[in-house]
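Below is one structure; the comments refer to it alone.
The values are calculated or read from the model by the stated rules, or taken from the named source; none is laboratory data. Keep in mind the model is a prediction, meaning the values are calculated, not measured. Heads up, the Cβs are rebuilt from the backbone with ideal geometry, glycines too, and the neighbour counts pull from every protein chain shown.
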Amino acid sequence: MERREAVIKISWILKSTFLAPTILTALQSCQDQVLNTRDLLVLSDEQDNLIKAIADNILPRTSSPSASDVKVDLFMDLLLQDVFEEEVKQNFLQGLSEFDKDCESNTGSRFVELNESEQYTYLEKIDKEIMEQEYDELVPFYYTFKHLTITIYFTTEQGVKQNLNYMPIPGPYVGEVDLKPDDRIIIGNRM
């Protein structure tokens, strides 16, 4: 690993240590409300369908549930209602709208109207353009959306149980562990 790559990875780790506890606490406190919520609080049905389509392309159904299976869209709706400030909420909704307009101008169809392979191809192009860059302050909508989707997914019971080996009781320190192809990432109480 080159020094520059190591510095970049360390900066991401440091950023996540400051933001993760706040977001995780908010997400965990919202979990019961999401399970009992059937109506959308902030999002329209159209916006909800767009969120499901984008999130399911980021985390599709495989041997584990998809993003919409674990209700990532309802978590986002609840976060928009109860957690995010008004300005952040409006920026998110505007970003969602602009994402759909950009898709329509580039492909001739709105994102939800594209078939699965077209959606995947479009998101793959967007992902390469946006996720490979580093941002200081102004972060593109898709960048925020992808990180939020992944964070919500891995705070759900199904996301953790299906994808991670969760060990709530810390054991002895083992500095080097072999990872076999079928193994999952092992996490403890701190993510």
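Across region 41-55, the number of residues qualifying as buried (at least 17 other Cβ atoms within 10 Å of the Cβ) and either among the polar types (S, T, N, Q) or farther than 11 Å from ASP100 by Cβ (or both) comes to 6. Among the conditions (1) in contact with a Phe, Trp or Tyr (Cβ under 7 Å, 6 or more places away or on another chain); (2) more than 27 Å from ASP39 (Cβ to Cβ), ALA53 misses just one, which is (2). Scan region 94-134 for residues that are free of Cβ contacts under 8 Å to residues at least 60 places away in the same chain and in a helix (DSSP H, G or I) and the total you get is 28.
Does region 30-47 contain at least one residue that is assigned to a loop (DSSP other than H, G, I, E, B), among the polar types (S, T, N, Q), in contact with a Cys (Cβ under 9 Å, 6 or more places away or on another chain) and at pLDDT 90 or above? Spell out how you get there, then give the answer.
At the first step, the residues of region 30-47 found to be assigned to a loop (DSSP other than H, G, I, E, B) are 37-44.
Next, from what is left, pick out any that are among the polar types (S, T, N, Q): 37, 44.
Retained after the next criterion (residues that are in contact with a Cys (Cβ under 9 Å, 6 or more places away or on another chain)): none.
No, because not a single residue in region 30-47 is assigned to a loop (DSSP other than H, G, I, E, B), among the polar types (S, T, N, Q), in contact with a Cys (Cβ under 9 Å, 6 or more places away or on another chain) and at pLDDT 90 or above.
Taking only region 139-164 into account, find how many residues are assigned to a helix (DSSP H, G or I) and over 14 Å from the mean Cα position of the chain (by Cα). Spell out the reasoning first.
Let us first name the residues in region 139-164 that are assigned to a helix (DSSP H, G or I), namely 141-153, 157-163.
After this cut, where a residue has to be over 14 Å from the mean Cα position of the chain (by Cα) as well, the list is 157-158, 161-163.
Result for region 139-164: 5.
Just to be sure, is THR156 among the β-branched types (Val, Ile, Thr), crowded, with 20+ Cβ neighbours inside 10 Å and either over 21 Å from ASP48 (Cα atoms) or at pLDDT below 90 (or both)? Answer is yes for this residue.
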